[in-house]
Amino acid sequence: MLEVKDLHVSVEGKKILKGLSLTINAGEVHAIMGPNGAGKSTLSNVIAGRDGYEITSGTITYKGDDLLEMSPEERAWAGVFLAFQYPVEIPGVNNTYLLKAGVNAKRKHQGLEELDAFDFMKTVKEKAKLVELDPSFLSRSVNEGFSGGEKKRNEIFQMAVLDPALALLDETDSGLDIDALRIVAGGVNKLRSKDKAIVMITHYQRLLDYIEPDFVHVLADGVIQKTGDKSLAVALEEHGYDWVKENK
Amino acid sequence: MSVLAQTRQDALNLFEKLGLPTQRDEDWKYTDASRLKDLLQPTPTDANIHIKDMGITGLDAYRMVFINGLFAEAESNLPEGVSILSLAELEKNSVGEDAEGIAKLFTVDTQAPLLNGFNAFNAAKASDGAVIILADNAILTKPLYILHISNQSNVVRHSFMIGKHAEAQVIEHFISTDDTKALSNTCSFVALKAEARLEHTRIQQEGSKQSHVARVQVKQCKGSSYQFHGVEIGGILSRTDLVVNLHGEGASCDLNGLFVLGGRQHVDHHTRIDHKAPHCTSRELYRTVLDGRSHGVFNGKVMVHEDAIKTDSNMSNGNILLSKHAEIDTKPELEIYNDDVKCAHGATIGQLDDKQLFYLRSRGISAETAQELLTFAFADEVLVAMSNQTVRSYVEKAAFAKLPHSDDLEEMLGS
């Protein structure tokens, strides 16, 4: 589904990713772990199409297409979704209508009819239940006045409604207490399927207790240092990132 | 000469002395009043205007219609038991002691800030206006909607006197029937007695060649509350002087302004708030969205006088330029003559927030739509304080229609 090859990325002249390669197939759940400043968020932002990153070499192919040639909205239409580490507040823009416009833009792109208001609301209510999001949040402005945990929950709710093929979760676990983490993880698990892939970016093994990954990658100094299964995350927790660098 | 005629004559003399402001005058630096010289004289005739379906439809309100500056009683619907009167009627029927009281409605306060020749001309030549006298403790159960329809130059003069603990909502709406080159010269005088409350909306939506000069002057007694919403959508040149005197302890004002302009529209608001008593609060939020070659001017001055301890004042002005040919001149000013105050002011000029744009696009909203949506949301924040939802939706729609690509957006707007 996603093929990242020898990716080099700089931000304001500083090299962040230095030849990163990664293959993600449908049905898989990947965890990318690593210390602060390793380039984890850079990777997710580059995949989602954010400005301000200079791609000096390498390729990203998504379902056979050159992802780097696509605008952020084209990536969304093609099924890429980023759950932000710091979701921005957008006063005056209604949460539900944002989603409706997003869903319908995607359907239009796929040559489908727009969803009628009734069907859309039905989906929205279902998915809100999935992440135990209070229905009052639906009529509020996007993230405005939400607590940190509510923002993260809203991201997973949006993901559930937009139904992406490739979901990137950028430190979705940070700022969540244990109950919220369980709910969010439950929501993510319900979205797992054989034609979807999930990439979780996280500092801690904690999230992986709830969402079991097929692969764990350690990202440090701009490249994947080591890849393993779930036990790698446990070892990391025990020994720290230096251990990985020493035992490549 | 009667006292009333004398007052009008004094105003005319004052106008002749003052003349029209020029751009050498600091307060008129950016606005060229000389363009309006030939449009000053009112020609108040009933110009065979059919007003059916004009203005804000579906508004549950009392209604007062002025056609080219003259009260159209047949088109109006006023409450019983409340004094809402025509200034022209009052003037016509005034005798003896009454006349002195009515003369006061035409008296020009030469000491008031931002006074100019247009205001003196208004006192001299006003053809009509609304006079609201709300008794102590009275509550106007529905808003009063004052609809001004014109296709010629007109001069109107309103006075809203709100008694102790009384409450009212007044909406002034200015529209034209065609694109005649003309000038509306309007004044609204507001007097709020102790603990009185007024929500006052002005929507300038006149024709594309019409100009508009307004003065809104407010005097607030103890504990009174004044809320203003000024919306500028129409016209070619529009200038408003908004002058608020926080005269009694604990009074508060909340001034909101929104300009959505394009083409060669020019809109200038000068606001002046005088904190004269202790424990008063003032809030001011002005936002502009400027496209084409439009030009916005905002000058907000807050003056905190010596005795006005515990003043709490906050002013903010935000501007978005959608075109490189649009221009904004903004100047928030603060003058403080005592130490015991909490005051803040600021202005921003800018483009849209990149993070918000990216967020929307990552959810599948096209770049163009995302820009529109954020622009609208930016403007709409000023309208949040508007209590009447029918008026707010009307303004949203009208403002919204002026944005370049508004097709897909309508549904997305939050409530």
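Looking only at the range B:372-384, decide whether some residue is more than 10 Å from chain A (Cβ to nearest Cβ) and under 25 Å from B:GLU26 (Cβ atoms). The answer is no, given that none of the residues of the range B:372-384 is more than 10 Å from chain A (Cβ to nearest Cβ) and under 25 Å from B:GLU26 (Cβ atoms).
I'd like the residue in the range B:310-368 that is β-branched (Val, Ile, Thr) and touching a helix residue (DSSP H, G or I) at 6+ places or on another chain (Cβ under 7 Å) and, out of all such residues, is nearest to B:VAL289 (Cα to Cα). For the range B:310-368, the residue satisfying everything is B:ILE320.
Do the conditions hold for B:ILE365, that is, is it without any contact (Cβ under 8 Å) to a residue 60 or more places away in the chain, at negative phi, surrounded by 15 or more Cβ atoms within 10 Å (Cβ to Cβ) and not in a loop (DSSP other than H, G, I, E, B)? Taking the combined requirement at face value, the residue does not satisfy it. Considering only the range A:119-130, I want to know if a residue exists there that is modelled with pLDDT under 90, in a loop (DSSP other than H, G, I, E, B) and within 20 Å of A:THR172 (Cβ to Cβ). Within the range A:119-130 (the criterion being modelled with pLDDT under 90, in a loop (DSSP other than H, G, I, E, B) and within 20 Å of A:THR172 (Cβ to Cβ)), the answer is no, since none of the residues qualifies.
Scoring B:LYS402 on the criteria (1) in contact with a helix residue (DSSP H, G or I) (Cβ under 6 Å, 6 or more places away or on another chain); (2) assigned to a loop (DSSP other than H, G, I, E, B); (3) not polar (S, T, N, Q) leaves a single failure, condition (1).
Of all residues in the range B:241-269, those satisfying the criterion of being over 11 Å from the mean Cα position of the chain (by Cα), hydrophobic (A, V, I, L, M, F, W, C) and under 30 Å from B:LYS324 (Cβ atoms) are B:PHE259, B:VAL260, B:LEU261, B:VAL267.
Rundown of residues vs (1) within 16 Å of the chain's Cα centre (by Cα); (2) surrounded by 15 or more Cβ atoms within 10 Å (Cβ to Cβ), yes/no style:
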site	(1), (2)
A:ILE183	no, yes
A:ASN189	yes, no
A:SER193	yes, no
A:ILE201	yes, yes
A:LEU207	yes, yes
A:PHE215	yes, yes
A:ASP229	no, no
A:GLU237	no, no
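I need the full set of residues from the range A:60-81 which are surrounded by fewer than 17 Cβ atoms within 10 Å (Cβ to Cβ) and out of contact with any Ser or Thr (no Cβ under 9 Å at 6 or more places or on another chain), in order please. A:THR61, A:LYS63, A:GLY64, A:ASP65, A:GLU69, listed by residue number. Collect the residues in the range A:165-182 that are within 18 Å of A:ILE201 (Cβ to Cβ) and acidic (Asp, Glu), keeping them in residue-number order. Within the range A:165-182, A:ASP170, A:GLU171, A:ASP173 meet the criteria. Of all residues in the range A:135-158, those being among the aliphatic types (A, V, I, L, M) and surrounded by fewer than 21 Cβ atoms within 10 Å (Cβ to Cβ) number 1. Checked against (1) buried (at least 19 other Cβ atoms within 10 Å of the Cβ); (2) within 21 Å of B:PHE15 (Cα to Cα), B:ASP109 meets all criteria but (1).
Testing B:ARG63 on (1) of a type in the set (Lys, Arg); (2) assigned to a helix (DSSP H, G or I); (3) within 17 Å of B:GLU172 (Cα to Cα), one condition comes back false. Which one is that? For B:ARG63, the failing item is (2). For the range B:164-181, the set of residues classified as crowded, with 19+ Cβ neighbours inside 10 Å and more than 19 Å from B:ILE51 (Cα to Cα) consists of B:ALA166, B:ALA168, B:GLN169, B:VAL170, listed by residue number.
When the range B:371-390 is filtered for residues that are outside any helix (DSSP H, G or I) and surrounded by 17 or more Cβ atoms within 10 Å (Cβ to Cβ), the ones remaining, listed by number, are B:MET386, B:ASN388.
Checked against (1) modelled with pLDDT under 95; (2) away from chain B (no Cβ under 12 Å); (3) under 27 Å from A:ARG107 (Cβ atoms), A:ILE24 passes all but condition (1). Among the residues of the range B:323-335, those identified as surrounded by 14 or more Cβ atoms within 10 Å (Cβ to Cβ) and out of contact with any His (no Cβ under 9 Å at 6 or more places or on another chain) are B:THR330, B:LYS331.
Looking at B:LEU90, B:LEU36, B:LEU20, B:LEU14, just one residue is farther than 21 Å from B:GLU172 by Cβ and part of a helix (DSSP H, G or I), and that residue is B:LEU14. For the range A:41-116, the strands (runs of 3 or more DSSP E) that sit wholly inside it and include 3 or more residues that are within 12 Å of chain B (Cβ to nearest Cβ) are A:80-83, A:90-94. For the subset of the range B:127-153 comprising residues that are polar (S, T, N, Q) and more than 29 Å from B:ASP179 (Cα to Cα), which member is modelled with the lowest pLDDT? The qualifying residue modelled with the lowest pLDDT is B:THR141.
Filter the range A:9-34 for residues that are surrounded by fewer than 17 Cβ atoms within 10 Å (Cβ to Cβ) and either among the acidic types (Asp, Glu) or at negative phi (or both) and give the result. A:SER10, A:VAL11, A:GLU12, A:LYS14, A:LYS15, A:LYS18, A:SER21, A:THR23, A:ASN25, A:ALA26, listed by residue number.
Within the span defined as the range A:25-33, one or more residues are in a loop (DSSP other than H, G, I, E, B), within 18 Å of A:HIS217 (Cβ to Cβ) and of a type in the set (Asp, Glu). If you scan the range A:139-192, which residues turn out to be more than 27 Å from A:GLU74 (Cβ to Cβ), part of a helix (DSSP H, G or I) and either within 14 Å of chain B (Cβ to nearest Cβ) or among the polar types (S, T, N, Q) (or both)? Of everything in the range A:139-192, those that are more than 27 Å from A:GLU74 (Cβ to Cβ), part of a helix (DSSP H, G or I) and either within 14 Å of chain B (Cβ to nearest Cβ) or among the polar types (S, T, N, Q) (or both) turn out to be A:SER139, A:ASN189.
Could you list, in sequence order, the residues of the range A:79-104 that are of a type in the set (A, V, I, L, M, F, W, C) and either in contact (Cβ under 8 Å) with a residue 60 or more places away in the chain or closer than 15 Å to B:ALA370 by Cβ (or both)? Within the range A:79-104, A:VAL80, A:PHE81, A:LEU82, A:ALA83, A:PHE84, A:VAL88, A:ILE90, A:VAL93, A:LEU98, A:LEU99, A:ALA101 qualify.
The values are calculated or read from the model by the stated rules, or taken from the named source; none is laboratory data. Only a predicted model underlies this, so the values are computations on that prediction, with no experimental measurement involved. We place every Cβ from the backbone using ideal geometry, glycine too, and count neighbours over all the protein chains shown.
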